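**Student:** Shown below is the structure under consideration.
The values are calculated or read from the model by the stated rules, or taken from the named source; none is laboratory data. Model, not experiment: these values are computed from the prediction. All Cβ positions, even for glycine, are placed from backbone atoms using ideal geometry, and neighbour counts span all protein chains on display. The area values use the complete protein model at the heavy-atom level, side chains included, leaving out ligands, DNA and RNA. Shrake-Rupley method; radii C 1.70, N 1.55, O 1.52, S 1.80 Å.
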Amino acid sequence: MSRVFNFSAGPATLPEPVLEQVRDEMLDWRGTGMSVMEMSHRDKPFMSIAAEAEADLRKLLKVPENYKVLFLQGGATGQFAFVPMNLMPAGGSADYVVTGSWGKKAIKEAGKYGTANTVARPADDVFNHIPARDGWKLDPNAAYVHYTPNETIEGVEFHNAPDVGDKPLVGDFSSTILSRPVDVAAHGLIYAGAQKNAGPAGLTMVIVRDDLIGKARPETPSVFDYKAAADGESMLNTPPCFAWYVSGLVFKWLLDQGGLEGMAERNQRKARLLYDYIDSEPFYTNPVNPADRSFMNVTFTLANPELDAAFLEGAKAAGMPGLKGHRSVGGMRASIYNAMPEEGVKALVDYMKDFVKKNG
Ligand SMILES: *Cc1c(COP(=O)(O)O)cnc(C)c1O
């Protein structure tokens, strides 16, 4: 058996030592005689797994005391609805900064629950940059400001949290969480599906400031009411136990790698390798404003799109699957999350060079 360099956008590659540990613990988790999948979430073994994962996540992100960390289900798409249900009063409004396809989905969903204002959005939805902050039109009555720190499909990233004054800033961190340090205190709420950069699908992490909890509309489902979830320590009902456990192992792996400072350094080096090569070779193009380029999802097109299929086929045969761009934008996308080693990015650049030699 040989492992490939998996460039999939999500579910995505996981650290090998984590997969090995999961394998080793599969039939007998630390003398319990059962796997984590088979344990009661109310018994001590899983309670300790859950508590350790939370403590490690708090350590990694330096989550302040006055924030709750919730381990929920429903994905980031669920949060597109649960954020307004919890934070936007009936008849109220919220501000949305739209810098890509996920932001578009978030604002559309929020519109079901009230007025979702567009604060900034590139003309004609050409998502290749972050609109300058001084052009944003914030509404003083908005309940919160929502943005997408990393647009996974277009590869557009905020490298710092925008300043929105006293308004709670809400960020969909699905594809950038744990890739670099984050100023949690600059946010009222952070959410992320686990399957891009933290663990298996099925788990959604929500980090929310205490004063934003307890304002949900009465019709909010209890499992997605942040207060009920926080009071129940994310165990109001059966949580996604296995995904929580595996994510916890990823958190430990990250701490071993030097935490998020260490990861940020490595991730920036990986991204620079790819962008530098793309910028130096006319056969490949990345359309994103250099200052706003994603460290996690590197998009690029070939000079001749008729060669796309051959490029993907050759990459797959060389042990590099998952490079096809999202169906909505086409082209290529290399997702280079935490678990993608530097050698994987080097192998990709070598393949790209070779492809130009043969086809350019
Ligand atoms: C993948 C992704 C989503 C959707 O996540 P689900 O967990 O499938 O709902 C939302 N936002 C961003 C930024 C993503 O990358």
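**Student:** Averaged over every viewing direction, what's the projected area of the C-alpha convex hull for the chain? Give it in nm², one decimal, please. It would help to have the intermediate numbers written out before the result.
**Tutor:** Details: hull surface 73.1 nm².
Orientation-averaged projected area of the Cα hull: 18.3 nm².
**Student:** Right, something else. About the Cα centre of segment 1-109, what is the dipole size in debye to 20, counting +1 per Lys and Arg Cβ and -1 per Asp and Glu Cβ, all else neutral? Can you show the working numbers first?
**Tutor:** On the way: 12 positive and 13 negative charges, 84 e Å.
With only Lys, Arg, Asp and Glu charged at Cβ, the dipole is about 400 debye.
**Student:** Quick one: 3J(HN,Hα) in Hz for segment 339-348, Karplus 6.51/-1.76/1.60 with θ = phi - 60°, rounded, Gly and Pro as x.
**Tutor:** 7, 7, x, 4, 4, x, 5, 4, 4, 5
**Student:** Moving on. Calculate the dipole size of segment 219-266 relative to its Cα centre from +1 charges on Lys and Arg beta carbons and -1 charges on Asp and Glu beta carbons; express the result in debye to the nearest 20. Before the final figure, lay out each step's value.
**Tutor:** On the way: 3 positive and 7 negative charges, 34 e Å.
In total the dipole reaches around 160 debye.
**Student:** I'd like the Karplus ³J(HN,Hα) series for segment 183-194: coefficients 6.51, -1.76, 1.60, θ = phi - 60°, whole numbers in Hz, and an x wherever there's a Gly or Pro.
**Tutor:** For segment 183-194, the Karplus curve yields 7, 4, 5, 6, 10, x, 8, 10, 9, 6, x, 7 Hz.
**Student:** Okay, moving on. LYS196: which aspartates and glutamates have alpha carbons under 13 Å from its alpha carbon, excluding same-chain residues fewer than 8 sequence positions away?
**Tutor:** GLU151, ASP172
**Student:** When the accessible area of the chain is computed with all protein chains present and a 1.4 Å probe, what percentage of it is carbon and sulfur? Walk me through the numbers on the way to the answer.
**Tutor:** Details: 8080 of 15510 Å².
The value for the chain is 52 percent carbon and sulfur by accessible area.
**Student:** Something else now. Would you mind checking which residues have amide H under 5 Å from GLU154's amide H? H placed 1.01 Å from N; only 5 or more apart, or other chain.
**Tutor:** SER101
**Student:** Which trypsin sites (Lys or Arg not before Pro) in segment 7-76 pass both tests, a DSSP loop state and at most 10 other beta-carbon atoms within 10 Å? It would help to have the intermediate numbers written out before the result.
**Tutor:** Working: sites: ARG23, ARG30, ARG42, ARG58, LYS59, LYS62, LYS68; in loops: ARG30, ARG42, LYS62.
The qualifying sites are ARG30, ARG42.
**Student:** With every protein chain kept in place and ligands, DNA and RNA left out, what is the accessible area per residue of the chain? Probe 1.4 Å, answer in Å².
**Tutor:** The answer is 43 Å² per residue.
**Student:** Students often check this: by mean Cβ neighbours within 10 Å, which of 115-126, 335-346 ranks highest, and how do the rest follow?
**Tutor:** Averaged packing, sorted descending, gives the order 335-346, 115-126.
**Student:** In the structure shown, do any of LYS108/LYS215; LYS270/LYS346; LYS316/LYS346 have a Cα-Cα gap over 20 Å, and if so which? Write out the running numbers ahead of the final one.
**Tutor:** Values: LYS108/LYS215 22 Å; LYS270/LYS346 8 Å; LYS316/LYS346 15 Å.
Table pairs above 20 Å Cα-Cα are LYS108/LYS215.
**Student:** Rounded to the nearest whole Å³, what is the per residue volume of the convex hull around the Cα atoms of segment 219-360? Could the numbers behind the result be given before it?
**Tutor:** Details: hull volume 24.8 nm³, N = 142.
Taking the convex hull of the Cα positions in segment 219-360, it is 175 Å³ per residue.
**Student:** Here's another thing I want to ask about it. So how far apart, in nm, are the two label points at ASN141 and ASP163 if each is 7 Å from Cα heading toward Cβ?
**Tutor:** The answer from the label model is 2.7 nm.
**Student:** Hey, if we sort PHE311, PHE283 by accessible area with the 1.4 Å probe, largest down, what's the order? It would help to have the intermediate numbers written out before the result.
**Tutor:** Numbers: PHE311 0, PHE283 20 Å².
Most to least solvent-accessible, the answer reads PHE283, PHE311.
**Student:** Continuing with this model, one more query. Once R0 is set to 25 Å, what does the formula 1/(1 + (r/R0)^6) return for the Cβ-Cβ distance between SER35 and ASN237, expressed as a FRET efficiency to the nearest 0.05? Don't jump to the answer; show the numbers that get you there.
**Tutor:** Values: r = 21 Å, r/R0 = 0.82.
Efficiency, from the Cβ-Cβ distance: 0.75.
**Student:** Of MET320, MET352, GLY262, whose Cα points farthest to the positive end of the dipole of segment 259-359 (charges on the beta-carbon: +1 Lys, Arg; -1 Asp, Glu; origin at the Cα centre)?
**Tutor:** The residue sitting most towards the positive pole is MET320.
**Student:** Quick one: which of 220-230, 92-102 comes out on top by average Cβ neighbours within 10 Å, and what's the full order, highest first?
**Tutor:** The peptides rank, most packed first, as 92-102, 220-230.
**Student:** What's the FRET efficiency of VAL4 with ARG42 using the Cβ-Cβ distance as r and R₀ = 56 Å, to the nearest 0.05?
**Tutor:** Between VAL4 and ARG42 the formula returns 0.90.
**Student:** Can you compute the charge dipole magnitude of segment 121-259 about its Cα centre, using +1 on each Lys and Arg Cβ and -1 on each Asp and Glu Cβ, nothing else charged? Give it in debye, rounded to the nearest 20. Provide the component values of the computation, followed by the final result.
**Tutor:** Working: 11 positive and 18 negative charges, 39 e Å.
So the magnitude is around 180 debye.
**Student:** Can you list the aspartates and glutamates whose alpha carbon is less than 18 Å from that of LYS112, not counting same-chain residues fewer than 8 positions off?
**Tutor:** ASP95, GLU219, ASP225
**Student:** How big is the gap, in Å, between the Cα center of segment 7-38 and the Cα center of segment 103-117?
**Tutor:** 37
**Student:** Say R0 is 56 Å: what FRET efficiency, to the nearest 0.05, do ASP28 and LYS112 get from their beta-carbon distance? Display every interim value, and only then the final one.
**Tutor:** Numbers: r = 47 Å, r/R0 = 0.83.
After rounding, the FRET efficiency stands at 0.75.
**Student:** Compare the peptides 105-113, 175-183 by average per-residue count of other Cβ atoms within 10 angstrom and give them in order, highest first. Write down the numbers at each step before the final one.
**Tutor:** Values: 105-113: 18.8, 175-183: 23.0.
Per-residue mean Cβ counts within 10 Å order the peptides as 175-183, 105-113.
**Student:** Let me ask you something else. Could you check the simple spin-label distance between LYS353 and ALA132, using points 7 Å along Cα→Cβ, in nm with one decimal?
**Tutor:** 3.9
**Student:** Let me ask something else about it. Amide H to amide H under 5 Å from VAL119: which residues, 5+ apart in sequence or cross-chain, H placed 1.01 Å off N in plane?
**Tutor:** TYR96, VAL97, VAL98
**Student:** Could you pull the accessible area for LEU312 with a 1.4 Å probe, rounded to 10 Å²?
**Tutor:** LEU312 exposes around 40 Å² with every protein chain in place.
**Student:** Let me have the relative contact order for the chain, percent, based on Cα pairs under 8 Å that are six or more residues apart.
**Tutor:** Details: 683 pairs, mean separation 83.5, N = 360.
This gives 23 percent for the chain.
**Student:** Something else about it: How much of the DSSP bridge set in segment 17-256 is antiparallel, in percent, rounded to the nearest 5? Please list the in-between numbers first.
**Tutor:** On the way: 13 of 26 bridges.
In segment 17-256, DSSP labels about 50 percent of beta bridges as antiparallel.
**Student:** If you average the alpha carbon positions of segment 214-266 and of segment 274-337, how far apart do those two centres end up, in angstrom?
**Tutor:** 32
**Student:** Non-local amide H neighbours of LYS324 (under 5 Å, H modeled in plane, Pro and chain starts lacking H): which ones?
**Tutor:** ARG333
**Student:** I would also like to ask the following. Using θ = phi - 60° and the Karplus relation 6.51 cos²θ - 1.76 cosθ + 1.60, list the HN-Hα couplings for segment 132-146 in order, rounded to whole Hz, with x at every Gly or Pro.
**Tutor:** Ordered by residue, 3J(HN,Hα) equals 4, 4, 6, x, 6, 10, 7, 9, x, 8, 5, 6, 6, 10, 9 Hz.
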